[in-house]
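See below for the structure under consideration.
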Amino acid sequence: MNFISVRNHQTIPLSGIPMLDYDSFLELNVFNLIREKGAHCVNYFGFRLDGLIRLVCCIANDESHSIQVSSSAVPRMALPSFSKHNLVFEKFEREIHENFGIAYTDHPWLKPVRFPFNRFDPGSRIADYPFFKVDSEELHEVGVGPIHAGIIEPGHFRFICNGEQIVHLEIQLGYQHRGVESLFLEKNKLLQRCTLAENIAGDSVVGHSLAFAHLWESLCKHQTGDHLKMARTIALELERIAIHTGDLSAMCTDVAYQLGSAVFGRLRTPVINFFQKWCGNRLAKGLIRPGKSHFPFTRDLAIGLMDFLDEYENDFEDISKELFSLPSALARFEKTGVLTTGQALAIGTVGLSARMSGVSRDIRASHPHDAYEALDHQPVLKTHGDVYARARLRKKEINQSINHIRHLIKILAAPEVYDQNPLKPAPDSFCVSLVEGWRGEICHCAITDGKGELIHYKIKDPSFHNWLGLALAVRNNEISDFPIANKSFDLSYCGHDL
Amino acid sequence: MLDNLKILIHQGRQYIPDVTRAIVPGIFRGRPVISEVDVKEKELAELCPTNAISLNPLSIDLGKCTFCGECAFAFPDKISFTTDYMLATNDRNRLIVKSGQEHPIKLDPVLVRKEIHGYFGSSLKLRQVSAGGDNSCELELNACGNVNFDMGRFGIEFVASPRHADGLVITGPITANMASPLQICYDAIPEPKIIILAGTDAISGGIFEGSPALDRSFISKYNIDLYVPGNPIHPLTFINGVLDLIKKQET
Ligand code: SF4
């Protein structure tokens with residue numbers, strides 16, 4: 001077999017990735033690796049090297065806890081697609097098409113992904129996105145966005161409806177494209193790159209900056225100590241508690257349960273205020289830095305957090321009990337926005353959007369980083385795939401995060417001192433880094449040249465796959481149920497558009 | 001029902017009674033103070049990720065600063081951050097904090113358009129547009145209306161339709177892909193209208209400054225009524241800035 005098996009954030013020489021001709025590359029990934037039990041594609045991307053387009057495919061295997069990396073180099077030409085055989089590749093190939101002009105001969109829908117500034121066809125315009133159309137006397141279209149009612153990021157939703165019922169939804173993104181991946185190469189100070197990682201998605205600051213930190217430390221062969229690992233794990237779980245709590249509040253708002261909305265909303269405040277106490281920023285910007293930390297997780301902080309969690313838990317249990325026994329809320333949650341297990345597997349959803357449909361995907365368990373190895377993390381699973389499942393999963397995950405944090409505080413290691421020597425990445429190397437953010441798996445990949453400079457940086461937010469999950473989940477729902485379905489997925493626009 | 005009431009009573013009073021005097025918990029990085037101590041200034045300026053630090057005299061541009069605090073870690077004798085969250089102003093130059101400057105940042109009353117207090121003094125409806133925002137300023141703008149900060153008590157609210165709005169709050173560095181929707185939204189707001197830039201990304205592009213994926217031409221076309229620095233903005237910075245903008249100006 002022509003691939004190399006790596007562990008999560010393990011740096012290997014670029015030359016260690018086997019090069020295959022395109023047909024064998026397709027055969028290997030589509031008919032072998034992705035078909036294995038526990039396999040899912042964490043990244044598949046291209047970059048320009050020596051006049052060719054070098055394709056790199058990373059298939060994670062949750063059973064063997066490894067990532068199988070293979071590659072191929074092709075000129076710009078028409079190629080048979082992976083997606084014809086397996087839809088989990090559909091968006092990756094659309095991206096490769098959009099960026100490099102590779103025309104796939106048998107891709108089911110070769111549409112633009114985000115209209116990046118460096119797209120292959122600069123003439124294509126975001127205003128001319130080719131929406132799916134149905135010629136019918138009975139069906140009508142509803143267009144929503146890019147600007148939505150409320151304080152929320154932009155994206156366009158195009159519904160095809162039969163009366164009040166959604167027949168089809170197509171989601172067009174790209175409005176938030178800031179050129180993040182290119183900026184990772186251009187802004188070459190480490191602090192600039194940390195700042196970029198923190199600003200990929202402001203609701204997943206810890207998740208994305210941790211993916212970057214792991215990757216950078218690995219490229220620089222830097223070892224972190226146990227205290228830092230534990231502190232980082234606590235931060236990641238706190239971020240999960242904060243956003244899950246906020247999402248439960250927003251879901252209450254969408255079903256007009258005022259008390260739930262207010263109480264969950266105010267319960268989120270002290271969580272993010274804790275980040276401010278810890279690192280001076282309510283969303284944890286500045287907290288995670290490769291190879292060091294300015295903000296050790298002190299005993300005082302630990303005691304404060306323990307006390308706060310006790311308080312939080314009481315109020316949280318009270319209001320959760322109310323919410324989950326309230327017939328008017330349950331009537332809106334249950335059987336709304338269902339994504340079946342089959343659909344979730346077919347399109348490769350990850351994280352919360354997979355676990356609510358019974359698909360056990362959780363990097364904390366399958367490719368553990370930081371303190372998760374010792375935590376014996378067991379993913380929470382739900383099977384119904386509806387809004388209710390997503391609400392319950394959040395509730396259970398909050399309980400689980402609280403337990404993880406309590407346990408970590410009990411066994412907290414003493415803080416280490418880090419020297420401030422600048423880290424230098426290894427030359428001609430490749431690294432793939434996975435972190436389980438609150439939405440799901442975050443993947444960062446980097447490739448360096450002979451001098452150790454970045455020549456390619458690739459980011460995949462969990463939203464990349466999961467947006468299609470939302471589009472499928474609302475089919476045959478009333479259009480009035482779209483807001484609650486959308487909120488229950490709570491996907492990222494900026495994380496997708498980069 | 002009874003349980004609901006119990007929860008309601010148990011929650012008690014959650015709002016901050018006086019938003020102009022509230023103390024932020026912990027180690028919030030607000031307005032920086034730059035001392036007159038001699039340091040290797042060039043080295044200091046170079047470490048900043050967003051070129052917010054200039055020399056002669058040494059100054060920090062809060063319109064560019066991400067409040068990462070790294071300059072204060074590297075040169076603790078030279079730079080320190082206070083917890084003063086009153087950072088908003090209507091004069092771009094006032095965002096530049098110079099060495100030795102201790103005074104708080106305020107609005108320039110002369111620059112506040114006359115009609116603002118009359119029209120919006122007791123009711124201001126805002127339309128928010130995220131143009132490449134990373135959802136952090138958006139989260140904090142949402143928090144302005146929650147039960148803790150309760151901005152609605154001042155008659156300041158976010159509305160869905162630009163037709164119902166008195167002004168625009170922009171977050172994000174303004175992507176090329178959002179340039180046209182932003183313009184359409186602005187044009188749909190009836191006159192008189194105000195523009196608020198919320199967050200470092202909106203004010204200067206922040207860490208995205210110089211990216212070819214941006215189109216910031218909108219900013220240079222119009223008068224900006226309020227700059228609210230932060231990465232993300234703190235709700236108290238935003239609320240106090242807006243309150244200062246719509247109050248009766250003493251000139
Ligand atoms: S706190 Fe502001 S001025 Fe200081 S280094 Fe960070 S971005 Fe630059």
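The values are calculated or read from the model by the stated rules, or taken from the named source; none is laboratory data. Given the structure is predicted, the values throughout are model-derived calculations rather than measurements. Because the Cβ atoms are built from the backbone with ideal geometry, glycine has one as well, and the counts that use them run over all protein chains shown. In case anyone asks, the SASA skips ligands and DNA or RNA and just uses the protein heavy atoms, side chains included. Shrake-Rupley method; radii C 1.70, N 1.55, O 1.52, S 1.80 Å.
Please find the FRET efficiency linking A:Asp21 to A:Glu334, where r is the Cβ-Cβ separation and R0 is fixed at 45 Å, and quote it to the nearest 0.05. Please list the in-between numbers first.
Working: r = 51 Å, r/R0 = 1.13.
Efficiency, from the Cβ-Cβ distance: 0.30.
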Rounded to two decimals, what ratio of Rg to Rh does the stretch A:361-498 give with C-alpha atoms and a Kirkwood Rh? 1.06
Please quote Rg/Rh for the stretch A:180-497 to two decimal places, taking the Kirkwood radius as Rh and restricting both calculations to Cα atoms. 0.97
Long pairs among A:Lys335/A:Lys487; B:Lys114/B:Lys247; A:Lys335/A:Lys382; B:Lys78/B:Lys106; A:Lys189/B:Lys64, criterion Cα-Cα beyond 19 Å: B:Lys78/B:Lys106
Which one of B:Gly63, B:Val39, B:Gly26 is farthest out on the positive end of the charge dipole of the stretch B:1-65, using unit charges on Cβ (Lys, Arg +1; Asp, Glu -1) and the Cα centre as origin? B:Gly26
Let me know the Rg and Dmax you get for the stretch A:4-113 when you use only its Cα atoms, in Å. 13.4, 37
As a test of the formula, what do you get for the protein assembly as shown when each DSSP H run with n ≥ 4 contributes -39,500 (n - 2.57) and the sum is divided by the residue count, at 222 nm and rounded to the nearest 500 deg cm²/dmol? -10500 deg cm²/dmol
Could you give the size of the charge dipole of the stretch A:24-110 about its Cα centre, using +1 on the Cβ of each K and R and -1 on the Cβ of each D and E, expressed in debye and rounded to the nearest 20? 140
Expressed as a whole number, the average count of other chain Cβ atoms within 10 Å around the Cβ atoms of B:25-33 is 4
In the stretch A:66-112, what trypsin sites (Lys or Arg not before Pro) fall in a loop by DSSP, with at most 14 other Cβ atoms inside 10 Å? A:Arg76
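Counting Lys and Arg as +1 and Asp and Glu as -1, each charge on the Cβ, what is the dipole of the stretch A:180-497 about the Cα centre in debye, to the nearest 20?
Around 220 debye, computed over the stretch A:180-497.
Let me check something: with ligands and nucleic acids excluded, how do A:His177, B:His164 order by accessible area (1.4 Å probe), largest to smallest? If you can, show how the numbers build up before the last one.
Values: A:His177 15, B:His164 125 Å².
Heavy-atom accessible area, descending, gives B:His164, A:His177.
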Residue list for the stretch B:158-172, given a label point 7 angstrom along the Cα-to-Cβ vector of B:Ile184 and an amide N cut-off under 15 Å: B:161-163
Below 18 Å, Cα to Cα, which lysines can A:Lys111 reach? Residues fewer than 8 away in the same chain don't count. A:Lys84, A:Lys91, A:Lys133
Per residue of the stretch A:138-149, what does 6.51 cos²θ - 1.76 cosθ + 1.60 with θ = phi - 60° give for ³J(HN,Hα)? Whole Hz please, x for Gly and Pro, Karplus curve as stated. 8, 8, 10, 10, 10, x, 10, x, x, 8, 9, 5
Per-selection Rg to Rh, the stretch B:48-163 - Cα, Kirkwood hydrodynamic radius: 1.01
In nm, spacing of pseudo-spin labels at A:Ser124 and A:Gln258 (7 Å Cα→C-beta vector): 4.8
Straight distance only, please: which aspartates and glutamates reach the Cα of B:Lys40 with their own Cα at less than 20 Å, same-chain residues fewer than 8 apart left out? B:Asp61, B:Glu70, B:Asp77
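Can you give the relative contact order of chain A as a percent, counting alpha carbon pairs under 8 Å and 6+ residues apart? Can you show the working numbers first?
Working: 951 pairs, mean separation 93.2, N = 498.
Averaging sequence separation for qualifying contacts and normalising by length gives 19 percent for chain A.
Could you report the buried accessible area between B and A, both sides summed, computed with a 1.4 Å probe and given in Å² to the nearest 100? Don't skip to the answer; put the middle values down first.
On the way: alone 12830 and 19490 Å², together 27390 Å².
Approximately 4900 Å² gets buried when B meets A.
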Backbone N under 17 Å from the B:Glu115 label point (7 Å along Cα→Cβ), restricted to the stretch B:178-208: B:186-196
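Output the DSSP H helices from chain B with an along-axis C-alpha extent of no less than 18 Å and a mean Kyte-Doolittle hydropathy no less than -1.0. All intermediate terms of the calculation are to be shown ahead of the outcome.
On the way: long enough: B:176-188 (19 Å, 0.30).
Sorted by number, the helices that extend far enough and score high enough are B:176-188.
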With the 1.4 Å probe rolled over protein heavy atoms, chain A has an accessible area per residue in Å² of 34
Go ahead and run the numbers for FRET between A:Asp300 and A:Thr383, Cβ-Cβ distance against an R0 of 56 Å, rounding to 0.05. 0.85
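Provide the gained length on full extension for the span A:Leu423 to A:Glu373, in nm with one decimal, where the gain is 0.36 nm per separating residue minus the Cα-Cα distance. Before the final figure, lay out each step's value.
Details: separation 50, 0.36 × 50 = 18.00 nm, distance 2.54 nm.
Length gained between A:Leu423 and A:Glu373: 15.5 nm.
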Give me the orientation-averaged projected area of the Cα convex hull of chain B, in nm², one decimal. 15.6
Grab the eigenvalues of the alpha-carbon gyration tensor for the protein assembly as shown, scale each by 5, take roots, and send me the semi-axes largest first in whole angstrom. 37, 31, 28
Give me the log10 of I(q) over I(0) for the stretch A:279-381 at q = 0.13, 0.14, 0.15, 0.21 Å⁻¹, as the Debye formula computes it from C-alpha points; what are the numbers? -0.86, -0.97, -1.06, -1.17
Calculated P(r) tail over 22 Å for the stretch B:1-102, as whole % of Cα pairs: 42
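Compute the longest continuous run of chain B that contains no exposed GluC sites (Glu not before Pro); treat a site as exposed when its DSSP state is not H, G, I, E or B and it has at most 12 other Cβ atoms within 10 Å.
Values: sites that count: B:Glu36, B:Glu102, B:Glu250.
Of all site-free stretches, the longest is B:103-249.
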Name the residue farthest towards the positive end of the dipole of the stretch A:4-113 from the options A:Ser5, A:His85, A:His97, assuming +1 on Cβ of Lys and Arg, -1 on Cβ of Asp and Glu, about the Cα centre. A:His97
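As an exercise, use a Förster radius of 41 Å and the Cβ-Cβ distance of B:Phe73 and A:Leu139 to find the FRET efficiency, rounded to the nearest 0.05.
Working: r = 60 Å, r/R0 = 1.45.
The formula returns an efficiency of 0.10 here.
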Sticking with the crude label model, points 7 Å out along Cα→Cβ, report the distance from B:Ser122 to B:Lys106 in nm, one decimal please. 2.6
Run the numbers on chain B and let me know its relative contact order in percent, using alpha-carbon pairs under 8 Å that are six or more apart. 23
